[in-house]
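What follows is a short report on a single structure.
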Amino acid sequence: MKNLFLYSLLLLSSLFLISCGDDDDNGADAVGTLEIFFEPVYGDSGDLINRTSNFDYPDGHEIRIVVSELFLGDLKVGTGSEEFILSDIEYIDLSDPVLDQSSGLTDKFIAFDNVPAGAYNFLEFGIGVPPALNAMNPSDFGSTNPLSQSSLYWDAWDSYIFSKLEGRMDLAGDGSFSHLFAYHSGGDEVYRILQAQNFPVEIRSGETTRIKLTIDHNKLLVRGADDYMDIENKPAAHSTGHLDIMNYLADNYGSAFTLQLLTD
Amino acid sequence: MNWKFTGVILAVLSIFIFACKDDSKPDEGDLTFISFDPVPYNPDIPAGWPQLEQPADNPMTQEGVQLGRRLFFDPILSLDSTISCSTCHIPEKGFSDDNPLAVGIGGAIGDRRTMSLVNVGFVNSGLFWDGRAKTLEEQALHPIEDPREMNLSLSEAVERLQNHGDYSTRFRKAFGINHIREINADLLGKALAQFQRIIIVGGESKFERAMRGELAFSDEELEGRDMFFDANLLSLDAECAHCHNRPLFTTNEFLNNGITEVERLLDHPDPGLGEVTGKELDFGKFRVPTLINWELRDHFMHDGRFVSMEDVLDHYNSGGHRPSDPDEDNVDLLIYPLNMNQIEFDNLMAFLRTLSDTTFLENPDLQDPFAGR
């Protein structure tokens, strides 16, 4: 009888301990999802870029954006004292986005599961590949990692191609758009870190928070009426000899990005 | 009473006899008496090359690779047992062949050139010229059933293998099956895929050896290399590496390189990737082939239209064909007139010749096991 009492006590204690453990686990599992939807546009009209859409350029010609791709490095959210790394590298192809009419969002997005619930007040990411990762090469990564793609690596630079912006200009004014341009950037010097400060992002347990990140390609190429990329005379940037062009683009990303929280 | 006793005796004897008969009749399809102790196969992968990934349910083993090798070279997988995989994928021809378009059973001619299998194990973007097979395991079965290739139903192929004593033993040793009835198309594809994954070629090319510092490029090769990789501002940028980047000298992307003169996307005589995805913008796109061992091949492009690398370079030097309507143009934007002069042309050719490597022909695991038979 005494033993039975003892065993019962142990069993109850065990159950208590286990249930306490469950509570702790639930606390640790308080995570939600963060989705970032990209909206690649050109100009204030907010029209999506597309290989068949014409846009005015300050030099009087029209252009089309055919390819827009980029790496995003060290994505993180944080508070003043803590930060959470969402991903060390993401690759996003913004070319030819498709708009879902019901949601008003494009098919270009990345999602991060298991983000600790909490109220964050900044979002940060780099344009390109962070130097530590850029010191590696495609053979260092498995096929599911975008850094494994040899099409995104440039041997002559010992660098990944951070971004690709390709298109065509209607130089002749006859609708042929036969003047092609291709700006590829890379190299540690071109890496830029952007931080959206005072940008409140609340992640709730079991819920999805959505952010829309608009990239205005006009602002990537144009700073003002007399300050813009000379597509007509400098249509290509593929090598370190074109560092001026790469830096021009890299510096413009900061003003080209706009963030909007879609869920409260 | 006697009758009753006799009946009981007969019944007991019958049971005994039947039991003995069952015991004495071996199941002819049973394979469990054969040992199953596969040894992992670790291929030599040159330093700096991509990781060779294998499906979790089909890791490479010595037994699996050797089984795949036999199946690859054996005409048993064609309807009339006249051709094998190796009939079109000839090792000495860089695992391709001499024909502009693939030639199958009875002389049937396919729509596309035989694609080289060199380094096919590193492809993660879709197999064939049009990307229609996601895995090597899946890819390996297509030519067997294709009426213009080997034209054999998979059920017939499996039946032949089940009734082949040597193969049933080899399937047991490779995959641990217990009975010949367990030989199926899935295992056939797995064995062929294992063999194809070991076709790793190029690590001993002059290019690789020069990059390792074992020998030096000539001045012409060096100039050509700079043009190929856009490594020198003073050299013309031939834009090659965008699609043929090292170390595999293909990015395995699907692109339209402007070889076909059409005015509308839907006019492409061969839709290529577009046939698989159904997307108009993918019409005329094909997988970028490797340049490693191009010297072993007699025809180039998916339709075999070019008969020399000079023809290929002439095409890129010209800028290819673009539709006049930009809305119908999905030709890669890095295809444009290069305006190479003859010296630049020759330098680029000199560099391209550094991509040859025939040392793989000495690899016993890649040789025809039936040679000389």
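The values are calculated or read from the model by the stated rules, or taken from the named source; none is laboratory data. Just so you know, these numbers come straight off a predicted model, no measurement behind them. Heads up, the Cβs are rebuilt from the backbone with ideal geometry, glycines too, and the neighbour counts pull from every protein chain shown.
Annotations
- Evaluation of B:V288 against (1) away from chain A (no Cβ under 14 Å); (2) in contact with an Asp or Glu (Cβ under 6 Å, 6 or more places away or on another chain); (3) at pLDDT 95 or above (one fails), failing number: (1)
- Residues in region A:134-145 that are crowded, with 19+ Cβ neighbours inside 10 Å and either at pLDDT 95 or above or more than 9 Å from chain B (Cβ to nearest Cβ) (or both): A:N134 only.
- Filtering region A:35-58 to residues that are away from every other protein chain (no Cβ under 14 Å), part of a strand (DSSP E or B) and in contact (Cβ under 8 Å) with a residue 40 or more places away in the chain leaves A:E35, A:I36, A:F37, A:F38, A:E39, A:P40, A:V41, A:Y42, A:L48.
- B:G203 within 14 Å of another protein chain (Cβ to nearest Cβ), more than 26 Å from B:H315 (Cα to Cα) and either under 23 Å from the mean Cα position of the chain (by Cα) or outside any helix (DSSP H, G or I) (or both): yes
- Of all residues in region A:71-82 being within 12 Å of the chain's Cα centre (by Cα) and buried (at least 18 other Cβ atoms within 10 Å of the Cβ), the one that is nearest to the other protein chains (Cβ to nearest Cβ): A:F71
- Residue identified as surrounded by fewer than 21 Cβ atoms within 10 Å (Cβ to Cβ) and free of Cβ contacts under 8 Å to residues at least 60 places away in the same chain among B:D327, B:D303: B:D327
- Taken together, A:S68, A:S87 contain a single residue that is surrounded by fewer than 20 Cβ atoms within 10 Å (Cβ to Cβ) and polar (S, T, N, Q), which is A:S87.
- Residue within region B:255-271 that is under 18 Å from the mean Cα position of the chain (by Cα) and either buried (at least 21 other Cβ atoms within 10 Å of the Cβ) or of a type in the set (S, T, Y) (or both) present: no
- Region B:291-312, residues that are polar (S, T, N, Q) and within 14 Å of chain A (Cβ to nearest Cβ): none
- Verdict on B:E220 being in a helix (DSSP H, G or I), touching a residue at least 60 places away in the same chain (Cβ under 8 Å) and closer than 24 Å to B:V120 by Cα: no
- Count - residues of region A:113-136 that are in a strand (DSSP E or B) and either farther than 20 Å from A:R210 by Cα or under 12 Å from the mean Cα position of the chain (by Cα) (or both): 5
- Residue within region B:313-321 that is within 11 Å of chain A (Cβ to nearest Cβ), crowded, with 18+ Cβ neighbours inside 10 Å and either among the hydrophobic types (A, V, I, L, M, F, W, C) or assigned to a helix (DSSP H, G or I) (or both) present: no
- Looking across region A:146-195, just one residue is in a loop (DSSP other than H, G, I, E, B), within 10 Å of chain B (Cβ to nearest Cβ) and within 20 Å of the chain's Cα centre (by Cα), and that is A:Q149.
- Filter result for A:I245 (within 14 Å of another protein chain (Cβ to nearest Cβ), within 21 Å of A:L194 (Cα to Cα) and not charged (D, E, K, R)): yes
- Scanning region B:227-236 for residues that are surrounded by fewer than 22 Cβ atoms within 10 Å (Cβ to Cβ) and within 11 Å of chain A (Cβ to nearest Cβ) turns up B:A231, B:N232, B:L233, B:L234, B:S235.
- The lone exception for B:T260 - which of (1) touching a residue at least 60 places away in the same chain (Cβ under 8 Å); (2) farther than 25 Å from B:P337 by Cα it fails: (2)
- Per-region count, region A:146-180, residues surrounded by fewer than 16 Cβ atoms within 10 Å (Cβ to Cβ) and out of contact with any helix residue (DSSP H, G or I) (no Cβ under 9 Å at 6 or more places or on another chain): 3
- The listed residue being crowded, with 19+ Cβ neighbours inside 10 Å, free of Cβ contacts under 8 Å to residues at least 60 places away in the same chain and part of a loop (DSSP other than H, G, I, E, B), out of B:T82, B:T114: B:T114
- Hits in region B:25-65 (condition: closer than 19 Å to B:T135 by Cβ, out of contact with any Phe, Trp or Tyr (no Cβ under 6 Å at 6 or more places or on another chain) and away from chain A (no Cβ under 14 Å)): B:Y41, B:P43, B:D57, B:N58, B:P59, B:G64
- The residue of region A:226-263 that is surrounded by the fewest Cβ atoms within 10 Å (Cβ to Cβ), among those that are small (G, A, S) and out of contact with any Leu (no Cβ under 7 Å at 6 or more places or on another chain), is A:S255.
- Region B:289-300, residues that are buried (at least 18 other Cβ atoms within 10 Å of the Cβ) and assigned to a helix (DSSP H, G or I): B:W294, B:L296
- Taken over region A:72-92, the criterion of being among the small types (G, A, S), touching a residue at least 12 places away in the same chain (Cβ under 8 Å) and in a loop (DSSP other than H, G, I, E, B) is satisfied by A:G80 alone.
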